[in-house]
1. Alpha carbon centre of the stretch 18-68 versus the stretch 486-500: separation in Å?
2. Of Val412, Val95, Val66, how do they rank once you tally other Cβ atoms within 10 Å and put the fewest first?
3. Between Ile559 and Lys301, how many nm apart are label points set 7 Å from Cα along the C-beta direction?
4. Give me the extension gain from Asp73 to Asp33: residue separation times 0.36 nm, minus the current Cα-Cα distance, reported in nm with one decimal.
5. Got a sec to turn the phi values of the stretch 504-514 into Karplus ³J(HN,Hα) couplings, 6.51 cos²θ - 1.76 cosθ + 1.60 with θ = phi - 60°, whole Hz, x for Gly and Pro?
6. Quick check on my link table: of Lys140/Lys223; Lys100/Lys179; Lys93/Lys565; Lys91/Lys171, which ones sit more than 27 Å apart, alpha carbon to alpha carbon?
7. Counting Lys +1, Arg +1, Asp -1, Glu -1, what net charge surrounds Gln36 among other residues with beta carbon under 12 Å of its beta carbon?
8. His475 versus Ile334, label points 7 Å from Cα toward the beta carbon: distance in nm?
Amino acid sequence: MWCLYAVVPAQAQAGFDTLLNYQQVQDLMNQRDPRQQALAWYHWAYYTERQYGDTDSAFQYLARSVQRFRRIDDTLAYQRARSDLADWMAKRKLVDEAIKMQEEALFYARTSGQVRLQTLVLARLSRYYLSQADNANALKYRRLFREANLILKDTSLEVTVLLEEVLRLKKEGRISEAKTLSARTVELARRLPHKELLTQAFYNSGAIAAYDRDYDTALRFLKKAEAIPMGPLDNQRRLIYKELSITYAALDSLHSAYYYAYKYADLADSILLVNRDTAAQRIAMQFDSREKSKTIESLKKEKQSALSQAQEQRLFIAALAVGLCALILAMFFIVRDYRHRLHTTRVINQQKEEINARKIRELEDALKIETMQSMLEGQESERQRIAHDLHDSLGGLLAAARLQLESLSGRVPQLQEDKDLLKIKDLLDETIDETRQIARNLQPGTLLQFGLVKAIQDLINRVHSKGGPEISFQHFGSYTDLSQHFALNCYRIVQELLQNCMKHAKAQEILVQLTRTDQQIALIVEDDGVGFNQETVLKGMGTGNISQRVQFLKGEMSIQTAPGKGTSTLITVALPPSQGKP
């Protein structure tokens with residue numbers, strides 16, 4: 001994964017610009033400090049991606065880190081983690097959204113004087129525009145990056161960026177530009193105490209010159225790279241030997257080509273030496289084991305000879321013993337064969353029972369899904385019918401009653417100031433508004449017209465009330481291609497979770513987060529309310545409806561809560577095959 005903090009400069013941002021191992025991440029996770037826990041989720045994302053290649057889970061962990069930094073109002077950490085999240089989104093082809101997020105981080109860094117964050121974001125923006133072939137903006141942000149780095153004065157960071165740019169230019173076949181930039185990289189690397197950066201700069205220059213068939217220049221840079229002290233088993237040295245051998249071969253200097261080919265092979269052999277020693281030790285142990293086996297076999301033969309001599313002296317007893325042993329042996333095989341048959345029969349019957357039970361479970365699950373689908377479709381149909389009745393019938397009657405009152409007030413002027421009549425008008429207005437609100441909750445028109453994100457935002461606007469909890473909504477990815485049926489179930493799940501928070505949580509803040517990856521949609525609803533004990537609190541109809549919808553969508557639901565510690569509900573649903581990419 002391409003990242004700008006691979007070389008840690010002197011002005012590194014505290015807690016971010018290091019790579020942690022498993023134990024260090026767990027130590028952070030066990031801290032009670034909310035900032036340390038948020039930082040633990042940040043490092044856990046990178047550890048998961050680095051160790052297991054699980055980019056989907058790592059993306060979720062990084063999004064959780066962003067959310068936790070936001071909750072504790074650590075703006076610098078929030079913007080840094082969010083910049084990293086945008087970089088991951090760019091690798092998922094969501095470059096436009098990544099650019100917007102990086103521009104927000106850049107605005108914060110400039111207004112707050114965070115030079116390191118500003119430099120990091122400028123480098124990433126330059127790379128995004130290059131990937132979109134927008135050379136004008138790419139050059140603009142590359143110039144701004146260099147200006148910012150003049151203040152930061154982190155040559156290691158600039159060399160790391162330039163090395164990555166040289167490799168990109170070489171890969172694109174832009175050799176002339178790659179040679180020019182490589183020379184600049186060598187010039188900067190000479191000023192650094194990091195010999196490994198200078199070695200890599202020399203090696204890149206030599207490899208590019210060899211690719212361009214400028215073999216004299218290639219030899220000059222490769223020889224400089226070879227002259228820098230390195231570890232005896234350094235892999236970079238092995239690459240240098242290989243490139244030198246290829247270059248000399250191209251110049252028909254076969255003696256030198258053979259020399260470096262030999263050094264390349266010798267270094268590779270040295271790297272494998274430890275494995276060979278281990279193999280030799282294992283072979284020696286096996287040889288000792290064989291010698292011991294021979295000795296044991298010899299002792300067995302001597303013992304057998306002694307037994308034979310004793311048997312000759314006791315021939316009658318031996319014959320009787322042999323007969324008895326044969327009888328016992330026959331009985332043993334008979335009993336063993338019988339037991340084997342019983343065991344085989346039992347295993348076969350057990351497998352048949354398991355197969356039948358599995359088929360029954362599959363049929364039951366299919367029946368449950370069909371029943372659940374019918375029930376959910378019936379619920380939605382009934383909601384639609386009730387919403388139409390409320391809007392068309394009851395709403396029409398209430399509106400007519402309101403018009404009649406207005407007409408009566410117009411005919412009888414003294415009634416226009418009557419307090420009782422004014423109260424009746426106010427009650428009718430409230431009843432009409434409430435009827436419309438109920439109809440909108442039963443049948444979300446915004447979902448049908450504008451999609452899932454706008455529908456959830458509209459739901460939050462309607463649920464939010466003065467004096468009530470603050471509700472935040474975050475969404476990552478695109479949802480315009482979701483089927484109406486899939487989006488409606490996701491909307492109903494959010495609706496039920498919000499109603500539970502408003503009724504029971506007594507929260508000050510509620511977060512609704514919707515994240516889409518290549519394979520699934522993750523939905524998180526968190527509050528800082530009173531929480532509850534999952535073992536003692538009974539599940540109501542709302543929780544049952546949520547479980548049914550999650551089960552119908554073949555998703556998973558996880559609830560983390562405790563008395564006084566708020567509630568966090570995570571629901572992950574796999575996308576249908578036709579909607580596998582955002």
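Each reported figure results from applying straightforward, stated rules to the coordinates on display, with no laboratory input. If you're wondering where the values come from, they're calculated on a predicted model, not measured in any experiment. Every residue, glycine among them, receives a Cβ derived from its backbone with ideal geometry; neighbour counts consider all protein chains shown.
1. 29 Å
2. On the way: Val412 11, Val95 16, Val66 26.
So the residues, fewest neighbours to most, are Val412, Val95, Val66.
3. Calculated label separation equals 7.6 nm.
4. 13.1 nm
5. 10, 6, 6, 8, 9, 9, 10, 10, 10, 10, 10
6. On the way: Lys140/Lys223 36 Å; Lys100/Lys179 33 Å; Lys93/Lys565 37 Å; Lys91/Lys171 18 Å.
Check vs 27 Å cut-off fails for Lys140/Lys223; Lys100/Lys179; Lys93/Lys565.
7. Numbers: positive: Arg32, Arg35, Arg68; negative: Asp27, Asp33, Asp74.
So the environment of Gln36 carries a net charge of 0.
8. For His475 paired with Ile334, the spin-label model returns 8.0 nm.
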